[in-house]
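Undergrad: Below: one structure in structure tokens.
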Amino acid sequence: MKAISSHRTVLAATVAAVLALGAVSQVSAQSAAQQRRADREAAKASKQGKEEKAAVTYPNATRQEPGAKASAKASPKLQKMMKLYDDEKPAEARAIADEIIGTEAFNAYDHAFAAQIAAQIAYEADDANGAIAYLDKAMAFNGLDNNSHYNAMLMKAQLQLQEDKYADGLSTIDQFLSETKSQQPEHLVIKGNALYRLEKYPEAAAVLKQAIDASPEPRADWQQLLMAAYAESGQGDQAIAMAEKVAAKSPTDKRAQMNLVAVYLQADKYDKASVVLEKLRAAGQFTEDRDYRQLYSTYLNSEGKEKQAAGVIQEGLDKGILKPDHQSYLALAQSYYFSEQPGPAIEAYKKAAPLDDDGETYLNLARLLWQEARIPEAKEAAKQAIAKGLKKPDDAKKILALPAK
């Protein structure tokens, strides 16, 4: 008769850890939106006769600025559009923008500026595809100064990533970097993000490292993305080194510590992962079901750590944080069983078995009861196993055929 199945097989799926990546593309798009508001205000001031010399954001750009300004014919329409926008009447402002864009008598700047504002309105209305279409028009009209023109291109790339158009986003950011000659970290990160989403992990890691090395204070989500790129490209040592560095700087930051756990687990360094997780548990940072699952599954994938796993599971259940589901009770039962505690294992199996989709857990309970010479109980569990459904009921039938003692 078969022994109880190994916990390492049953719980293998619980070991996978995912780096807590930030929403890089979305955050970047929001930053670009803020820049577009600044562009709008600068243009508004210009039309009111308060022209201010804007700082050159892209001094190495290859594009020749057109030097165009708002035409006298379009100024009343532009001003009306801006007033409606400022008065928080976006639908009406967008309608005026469309009218300006469609008026052939207006110049390239009029058209481009109206498209720029319409893109902002569309973005604020969660119409990302509409915003991208307007940004295309703003650039095609070729009437904006370099700051606004390339901000439009940058926002387009970010929105494409946000909409899962990764190849398009990469093409746009490559064009942006080629034409602006920018080496700004925040721009390089967008390319790294696109490459990562396209599963070009070694290339993504190279670009992201360049961005982080160039930044005096790299953002946490950039570092998380680089760690993920390292891990996915088989550069586990680099991922670990970076995760350890970030975690050391932020010992109370749960995300940083869990990212370190993730890279340790991906490298099968279960002992190191459990040490980090235990520090979080001791600090009271185990507040979610998945925290307890991560620690107990880490112990169950380590040699001779079943007793520790049982303690973690029981604590999580007692605190009401770990869900009392089939997986939890099965892990508890197997933790007790493999740490030679048959009595508690039987009690845990009794809780897990009714929650299973089929009769396999009842069968394991029957096997354990048989091993403990509790034959009547073993037979009852075998009956429950057959009733609930088994792919191979032979073992259950053998238990039922045992002589009574």
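Read-outs: derived from the displayed coordinates by stated rules, not from any lab. Predicted, not measured: the structure shown is a model, and the values here were computed from it. Note that each Cβ is placed from the backbone with ideal geometry, even for glycine, and that neighbours are counted across all protein chains shown.
Undergrad: Which one, A115, F176, Q238, is farthest towards the positive end of the dipole of the chain when Lys and Arg carry +1 and Asp and Glu -1 on their Cβ?
TA: About the Cα centre, the residue reaching furthest to the positive side is Q238.
Undergrad: Below 16 Å, Cα to Cα, which lysines can K137 reach? Residues fewer than 8 away in the same chain don't count.
TA: Filter leaves K156.
Undergrad: With axes computed from alpha carbons, what is the tilt in degrees of helix 166-180 against the longest principal axis of the chain, rounded to the nearest 10 within 0 to 90?
TA: It works out to around 40 degrees.
Undergrad: With +1 on the Cβ of every Lys and Arg and -1 on the Cβ of every Asp and Glu, and nothing else charged, how large is the dipole of the chain about its Cα centre, in debye rounded to the nearest 20?
TA: 640 debye
Undergrad: Under 8 Å for C-alpha pairs, at least 6 residues apart: give me the relative contact order for the chain, rounded to a whole percent.
TA: That works out to 13 percent.
Undergrad: Could you line up V56, V189 from fewest to most neighbouring Cβ atoms inside 10 Å?
TA: Ranking V56, V189 by Cβ neighbours within 10 Å, fewest first, gives V56, V189.
Undergrad: Which Cα, out of L198, P185, S274, lies furthest along the positive dipole direction of the chain (beta carbon charges, K/R +1, D/E -1)?
TA: S274
Undergrad: Show which lysines lie in cross-link reach of K379 when reach means a straight Cα distance below 16 angstrom and same-chain residues fewer than eight apart are skipped.
TA: Within the straight-line cut-off, K379 pairs with K2, K350, K388, K397, K398, K405.
Undergrad: Have a look at D86, D291, D221 and tell me which one the Gaussian network model of the chain (Cα, springs below 10 Å) gives the largest fluctuation.
TA: Of D86, D291, D221, the Gaussian network model singles out D86 as fluctuating most.
Undergrad: To continue, here is another question. With label points built 7 Å along Cα→Cβ from the Cα atoms of D237 and K383, find their separation and express it in nm.
TA: For the pair D237/K383, the computed spacing is 6.2 nm.
Undergrad: Right, another one. Evaluate the relative contact order of segment 273-405 (contact order divided by residue number), counting alpha-carbon pairs under 8 angstrom at least 6 apart; express in whole percent.
TA: Rounded, it is 15 percent for segment 273-405.
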